[in-house]
Every structure is written in structure tokens, then in C-alpha cells.
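Asks: Let me give you the structure first, and then I'll get to my questions.
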Amino acid sequence: MSVLVYTESEQGKFKKVAFEVASYAKAVADQLGTTVTAVAVNAGDASELGAYGVDKVLTINNSDLDKFNANAYAAALEQAAKQEGSKVVVLSSSADSKYLAPLVAVSLEAGYASNVVETPSNTAPFTVKRTAFTNKAFNLTSIDTDVKVVGVSKNAFGLVETSGNATSEDFSPSIPTSGVTVQSVDKATDKVTIADAEIVVSGGRGLKGPENWGMVEELAEVLGAATACSKPVSDLGWRPHSEHVGQTGKPVASNLYIAIGISGAIQHLAGINSSKVKVVINTDPEAPFFKAADYGVVGDAFEVVPTLIEKLKAFKAQNA
Amino acid sequence: MKILVCISHVPDTTSKINFTEGDTKFDTTGVQFVINPNDEFGLTRAMWFKEKQGANVTVVNVGGPETEPTLRKALAIGADAAIRVNTAAKDGFQVAKELASVVNEGAYDLVIAGRESIDYNGGMVPGMLAALTKANYVTNCISLDVDGSNATAVREIDGGKETVTTSLPLVIGGQKGLVEESDLRIPNMRGIMMARQKPLSVVEPTNASSETNSVQFEKPAPKGAVTLVDADNIDQLVSLLHNEAKVI
Ligand SMILES: Cc1cc2nc3c(=O)[nH]c(=O)nc-3n(C[C@H](O)[C@H](O)[C@H](O)COP(=O)(O)OP(=O)(O)OC[C@H]3O[C@@H](n4cnc5c(N)ncnc54)[C@H](O)[C@@H]3O)c2cc1C
Ligand SMILES: Nc1ncnc2c1ncn2[C@@H]1O[C@H](COP(=O)(O)O)[C@@H](O)[C@H]1O
């Protein structure tokens, strides 16, 4: 009956989203009066999950699963859910989890709600709030099947620490052969990703050209932030497509989003709306972004950004 | 190669989103509907296969008669035939089950869907469809090549990309990158004329069940006014971010 949660790890370390989905699963388990079981694949110290409400960890150690494979991981989750008799399976909104969840839903004949932002408002019918229309609205959705799959939006629930302990149990699901084989992974390991970042620094066409991104990168570095851009910037080839955020690009759900020289078109705002705090730097006081932002500076990015970098460095030195 | 491109019919990205009937229904008044942007990239890649490697391209939508102009637009862009499964789309699972029946019927080699639709943002139809038809599946697909029955795809992952090899039958969830923005085609007069002659068949649904139910919509709470900081006083911004917003 326990709530099952997929806790992602990378190179043997749990990702922050693992703790967030575990916290969410714990809240759901409390509502249902049950426990939380996590599934961890080739992860390090499973007991870490106890601090976020996990009671039991099914630990899979299998070198065939070193590289993420949706079919294989989905099969593992399906078998875990069946073994535990789980009625609720919780995943995150990472690229891998979003790849997995529909496959798990089909194999468990479960209804699936993605981009969920709150714990269930009701458990019978099981009703969750999810974002819809790319953050322009919310939708209350009931999941009507016996087993339910929930994909939790990033940064929507946060981390909730408890004083629990997690026991660990070896789990060896049978892994089907997959028709998809990973040939190579190309990933910058020294850069914060938009998906994981607490802070995102984003530049628009107001920055005039790719040669001016040095200050954006420097600001990002000072803040430990990821860099992003508006759609025209990636269409013009100033920045890689993977940095394009917005309704047709990547969603951003960071704690802080700093928009530099971005006008704030509806398609841009839709994608970044779920960031908690938004700062805009723009020469034009009429730019629509000012209506969507929490803090704004009307000014020239080429003056404001270098000053901001300098002030942040001083702030960091003082608070170090 | 037989390609099926799944087309979701969605409000134009500039649409203001409103609801009616006690916030239970999306208000379509004054809303322009378009091909879901992710599907437009997929359709354009399908046209590339047709022109460069030889392929037959069918587009499909699960929806009421109101989606036909969107399917006609896909025909005008160059698809050979269109299918509309005549039932309202209720949730991703139901749509995937209806599409699975179309896929099994037509024995398609390659199904191109979008990573997600921009209305419901489910991100679930292609994965469920792949699972239901036992096809291989790659999502967040930013590049796809097919050679005989083998395929190479690139998938965007958090912080990078991953190259995979797989084989047909294959379902992909596509997005920008599959083709570039500048490769997208606006239907020309000739395309629009030709689209009128192309078959758009309406098939009856299998009446698959939906597993979730939309209960109600809600709009985000209105935002408070922006706090402006003088460009000469950036210290204040740093202090606000630290003390008030507590984000640094
Ligand atoms: C179907 C569709 C989908 C789209 N999807 C997306 C999406 O996902 N993401 C997205 O971003 N856009 C998207 N767009 C594009 C969107 O409509 C806007 O065109 C785009 O967001 C504008 O980018 P921008 O703000 O960088 O450029 P601009 O609109 O050109 O704005 C530049 C801003 O910089 C300011 N500026 C100029 N000089 C300076 C300076 N020295 N210092 C400070 N500020 C300065 C200007 O005042 C202006 O506000 C989409 C459009 C369509 C039609
Ligand atoms: N009603 C529909 N008819 C046909 N294809 C659809 C429909 N809904 C979704 N799709 C396809 O599935 C993709 C992902 O949709 P979703 O799972 O709703 O985010 C879309 O980009 C389409 O390719």
C-alpha cells in the first residue's frame, strides 16, 4: 500500500529533486495513512532519504542500468509498485522522469497527472492541482484509476525534513531488453543546468549580440546560476537552442529568475512564470516584463549588469 | 516508410486563457487555434523524409469537427492524408488509446508526436502510445535519422544531450531541433488548393476510457506591483534579494 517514489541519482549521489519528490510522497502517505517506499538505482547512501520521510528504500544495483534507459527503468518501477501494492507512484518533472512516467502509467494501467504543484486536495476521488496552458492556469484533475501516477513540478513543494530513518532492501527486478541503446552522452558537467538551477540568469535581444554574453555568464557564475535566453536569441544562433526558455522552450521553475534585455512577451513569460522571484533589467519602462516581475531596474544592461556583478561579489565576500 | 504525425490542435501562443461554465471549460471565444508548435517541427521533419528518402505522411488528430482546419493546414504544408478520430480528447491516456488503434490499423513505421502539447502540457501521449503499440520510444527528440529499419535519434536531457540508436517501429516526442525554426513552412496557395483534394477521413472512436478527469480550472493569483530599484542604487537590489526575497 505504501506510496512509491522514484528517487533519481547521478553518479551515485541523489539529486535534489529526489529529496523533493520524497518530501511530497511523505505528505501524500500521511494523508493516506501509509508509508513511503523509494526506488533508487545505483545510488549511494540510501539512508539519506530517511530525512525526507522515506521508510524503506528498494536499492537496485545493476551495472546494466548505469545509463538511463526508459524501458528498463519503467520495468523496475512497475515491479516495485506491484511488489509493494502501491496505489500511488510519485515521480519528478526531470527529463528522465517525464520520459518514464507515461510508460509506467500504461504498465500499471494507471491514470497519470503531470506538472502537479500541490498535495492532493482530496484523496477520494484523488484530486490534484496541476499547471495547464503552460502556466497560464491551473487545472484540478481527479485520477480515477486504482493506481495513480503523479509527476511533481519542480520547486513546487520544496524539501521537508523529518527525523525518520530509512531501511534499505536489495531489489533485483528483471530487466527487459530495450530497443533503444544509448551511444553517447554529451553533458557539460561543470555547468549548472536550467532544470536543476536555483537561480537562472537569462538574456534577450536587448543584449545586441553574442559577443555581449560575457557579462551574463559572469553574473551567472557569481550567483552559481544557469544561463538561459529568449527564443529570438537562440533562433539567431547567439546562444544554443538548449538555453531557449519559454512556452515553446524549456520551462523555468527556479527561486530567482533574472531577465536582462528581455521584453516579456506572453510566450516568454508563460515558460518562466513559475519561478518564485523575478527580476527584470530593461531600458524601456514600458516593457511588459515589468508587470510580471517582482523587482525591476529601468536601465541599460551594459551599465547595470557590471555594477550588479561587482556589488554581488562584494556581498559574497562580506557574507562568506 | 509510412509516417504518422500526431497533431494536437491548440490555442495560439498569444491567447489569453479564460474559462466558462463555472471555470470548468476552456473559453474558446476569440481564440485562434494552431498546430501545436512541437508537432509543427515534427511535421516538417516528416516532409523532409518524404522529399529526401521517400515516405508517405499521414496526419492524425483525436478531436471534434472543429479541429479540421488544423488538419487541412497540415495537408497544405504537404502531408498526403489526414485522419480525424471523431471524439473529444478527454485525457492523454484516452487519446493514446485512440491513436494506438489508428497506428495498429495503418501499420505505420514511424510515429512523430510532440514532446508536449502547449495546452494541456501532459507530455504523455507519445510515451503511452509507444507502450500501447509496443514500439520503441524516444522523447525530447532534437534530431532523427532513419536508415532502412534503423534509426538514430538525439534526445535532450537535463544539461546536455544523448545520442541513441533504435529501430522501427518507433514513436518519438519531437521538439525544436528536429528541424530549425527557419525550416518551418507557411502553406502557399498551391498547397492550400491541393489540400482540398487530399483525403481527410473521419473514423469513429473505439470509445476508449479516460483515466483522469478535469474537475476545474483556476487562474493564477494576480501579481503585486513590481518594486523598482534605481539604476544608481544597485546595492538596494542586492539587499532586497537577500533580506526581503531571501533568494541569495
Ligand atoms: C509561436 C511562438 C512561440 C514563441 N515561444 C517563445 C518562447 O518559448 N520563448 C521566448 O522567449 N519567446 C517566444 N516567442 C517569441 C516572443 O513572442 C518574443 O518575440 C520574444 O520573447 C522576444 O524576445 P526578446 O525579449 O529577447 O526580444 P525583444 O522583444 O526584441 O526585446 C528586447 C528588449 O530588450 C530591451 N533592451 C534593448 N536594449 C537594452 C539595453 N541596452 N539594456 C536593457 N534592455 C535593453 C528592449 O527595451 C526590449 O524590451 C514565441 C513566439 C511565437 C510566435
Ligand atoms: N488530441 C490529439 N490528437 C492527436 N495527437 C495528439 C492529441 N493530443 C496530443 N497529441 C500528440 O501528443 C503530443 C503530446 O501531447 P500531450 O501528451 O497532451 O502533452 C502532442 O504534441 C501531439 O503530437
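Every number here is computed from the coordinates shown, using simple stated rules; none is lab data. Note that this is a predicted model, so its numbers are computed, not measured. Please note: Cβ atoms are built from the backbone with ideal geometry, for glycine as well, and neighbour counts cover all protein chains shown.
Asks: Take every Cα-Cα distance within chain A, group them into 20 Å bins from 0 onward, and report for each bin the whole-number percent of pairs it holds.
Replies: 31, 52, 17, 0
Asks: Of B:Ile192, A:Ile143, A:Ile281, how do they rank once you tally other Cβ atoms within 10 Å and put the fewest first?
Replies: With the sparsest Cβ surroundings first, the list reads B:Ile192, A:Ile143, A:Ile281.
Asks: Can I ask one more? Pick out which of B:Asp39, B:Asp158, B:Asp12 has the largest mean-square fluctuation in a Gaussian network model of chain B, springs linking Cα atoms closer than 10 Å.
Replies: For chain B, modelled as a Gaussian network with Cα springs under 10 Å, the answer is B:Asp158.
Asks: Which value, to two decimals, describes the C-alpha radius of gyration of region B:1-129 once divided by 2.2 N^0.38 Å?
Replies: My calculation over the Cα atoms of region B:1-129 gives 1.04.
Asks: Could you state the orientation-averaged shadow area of the convex hull built on the Cα atoms of region B:58-114, in nm² to one decimal?
Replies: 4.0
Asks: Oh, and also: Viscosity 0.692 mPa s, temperature 37 °C: Stokes-Einstein D of region B:46-85 from its Kirkwood Cα radius, in µm² per second?
Replies: In µm²/s, the coefficient rounds to 314.
Asks: Just from its helices, what would the mean residue ellipticity at 222 nm be for the protein assembly as shown, if runs of 4 or more DSSP H residues each count -39500 (n - 2.57) and the sum is divided by every residue, rounded to the nearest 500 deg cm²/dmol?
Replies: Computed ellipticity for the protein assembly as shown at 222 nm equals -8500 deg cm²/dmol.
Asks: Additional query: Taking each full run of DSSP H in chain A as one helix, which ones are at least 15 Å long along their axis (Cα atoms) and have mean Kyte-Doolittle hydropathy of at least -1.0?
Replies: Helix filter hits for chain A: A:16-32, A:70-84, A:95-107, A:301-319.
Asks: Using a cut-off of 12 Å between alpha-carbon atoms, which aspartates and glutamates can reach A:Lys13, once sequence neighbours fewer than 8 places away in the same chain are excluded?
Replies: Qualifying aspartates and glutamates at Cα under 12 Å: A:Asp45, A:Glu48.
Asks: Fewest first, what order do B:Met1, B:Met128, B:Met47, B:Met193 take by the number of other Cβ atoms within 10 Å?
Replies: B:Met193, B:Met1, B:Met47, B:Met128
Asks: Give the cross-link partners of A:Lys208 among the lysines, using a straight C-alpha distance below 26 Å as the criterion and excluding same-chain residues fewer than 8 apart.
Replies: A:Lys191, A:Lys231, A:Lys250, A:Lys278, A:Lys291, A:Lys311, A:Lys313, B:Lys176
Asks: So, one more: On a C-alpha basis, how far is the centre of region B:195-225 from the centre of region B:142-170 in Å? Whole number, if you could?
Replies: One Cα centre to the other: 29 Å.
Asks: Using alpha-carbon positions, what is the distance between the centroids of region A:252-320 and region B:84-119, in Å?
Replies: A separation of 40 Å, based on Cα centres.
Asks: Give me B:Leu237, A:Leu49 ranked fewest to most by other Cβ atoms within 10 Å of their Cβ, as a rough exposure proxy. Spell out each step's value before the answer.
Replies: Values: B:Leu237 25, A:Leu49 28.
Lowest count first: B:Leu237, A:Leu49.
Asks: When the expected Rg is taken as 2.2 N^0.38 Å, what fraction or multiple of it is the alpha-carbon Rg of region A:3-170?
Replies: Values: Rg = 14.5 Å, N = 168, 2.2 N^0.38 = 15.4 Å.
Rg over 2.2 N^0.38 Å, computed on Cα atoms: 0.94.
Asks: Taking only C-alpha pairs under 8 Å that are 6+ residues apart, what is the relative contact order of region A:3-170 in percent?
Replies: Working: 387 pairs, mean separation 47.8, N = 168.
Averaging sequence separation for qualifying contacts and normalising by length gives 28 percent for region A:3-170.
Asks: Something else about it: Pull out a ≥ b ≥ c, the square roots of the eigenvalues of the alpha-carbon gyration tensor of region A:254-307, then state rounded if a/c is under 1.5, prolate if not and a/b is larger than b/c, and oblate in the remaining case.
Replies: Oblate, because a/c is 1.5 or more while a/b does not exceed b/c.
Asks: What aspartates and glutamates does B:Lys52 reach when the alpha-carbon gap must be under 15 Å and sequence neighbours fewer than 8 apart in one chain are set aside?
Replies: B:Asp145, B:Asp147, B:Asp183
Asks: Using Cα pairs under 8 angstrom and six or more residues apart, how large is the relative contact order of chain A, in percent? Display every interim value, and only then the final one.
Replies: Numbers: 704 pairs, mean separation 45.1, N = 320.
Reported relative contact order: 14 percent.
Asks: Would you work out if region A:199-318 is rounded, prolate or oblate? Take a ≥ b ≥ c from the square roots of the eigenvalues of the alpha-carbon gyration tensor; rounded if a/c is under 1.5, else prolate when a/b is larger than b/c, oblate otherwise.
Replies: rounded
Asks: To the nearest whole number, what is the average tally of beta carbon atoms from other chains within 10 Å of the beta carbons of peptide A:307-318?
Replies: Rounded to a whole number, the mean comes out at 3.
Asks: How large is log10 I(q)/I(0) at q = 0.10, 0.11, 0.12 Å⁻¹ when the Debye formula is applied to the Cα atoms of the protein assembly as shown, each weighted equally and without solvent?
Replies: -0.85, -1.03, -1.23
Asks: Too long at a 29 Å Cα-Cα cut-off: which of A:Lys87/B:Lys97; A:Lys154/A:Lys316; A:Lys187/B:Lys16; A:Lys276/B:Lys73?
Replies: A:Lys187/B:Lys16; A:Lys276/B:Lys73
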